[in-house]
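*Asks:* Supplied in structure tokens, the structure appears directly below.
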Amino acid sequence: MVDRIEKIEDGIVRKTAERYPRGGGHFFECFEPGQTMNPVWPSSLDDVADFLLEVPNRRVRMKPGAAMTSRQIFIDGEPI
């Protein structure tokens, strides 16, 4: 079970994958490489981790700032 997905730069957590409201629920927002439209809406961090690990350069929206992030992503402290 995945507990956290973060962007870590210089040993400091800069951003964290967080849920966004959608259709009465809250989901993570993920994107295929090069896409800015038609996100995938996983409901758990496990699903986000699977999505990110399947194809290089997939992105997840992270806070603060709501940036789509594909680099320097760590899953439970391990780089992908």
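The values are calculated or read from the model by the stated rules, or taken from the named source; none is laboratory data. All of these numbers come straight from a predicted model, not from anything done at the bench. Backbone-built Cβ (ideal geometry, glycine too); neighbour counts: all protein chains shown. Heavy atoms of the whole protein, side chains included, go into the accessibility calculation; ligands, DNA and RNA do not. Shrake-Rupley method; radii C 1.70, N 1.55, O 1.52, S 1.80 Å.
*Asks:* How large is the helix-only mean residue ellipticity at 222 nm for the chain, computed as the sum of -39500 (n - 2.57) over DSSP H runs with n ≥ 4, divided by its residue count, in deg cm²/dmol to the nearest 500?
*Replies:* Taking each H run of at least 4 residues, the total per residue is -3500 deg cm²/dmol.
*Asks:* Given +1 on the Cβ of Lys and Arg, -1 on the Cβ of Asp and Glu, and no further charges, what dipole in debye does the chain carry about its Cα centre, rounded to the nearest 20?
*Replies:* The calculated dipole for the chain is roughly 400 debye.
*Asks:* On a 0 to 90° scale, report how tilted helix 45-54 is relative to the longest principal axis of the chain, with both axes built from alpha carbons and the result rounded to the nearest 10.
*Replies:* Relative to the chain, helix 45-54 is tipped by roughly 80 degrees.
*Asks:* Can you give me the % of accessible surface on the chain that is carbon or sulfur? Probe 1.4 Å, all protein chains present, nothing else counted.
*Replies:* On the chain, the fraction of accessible area on carbon and sulfur atoms equals 48 percent.
*Asks:* Remind me, relative contact order of the stretch 2-51 in percent, using alpha carbon pairs under 8 angstrom and six or more residues apart?
*Replies:* Result for the stretch 2-51 is 29 percent.
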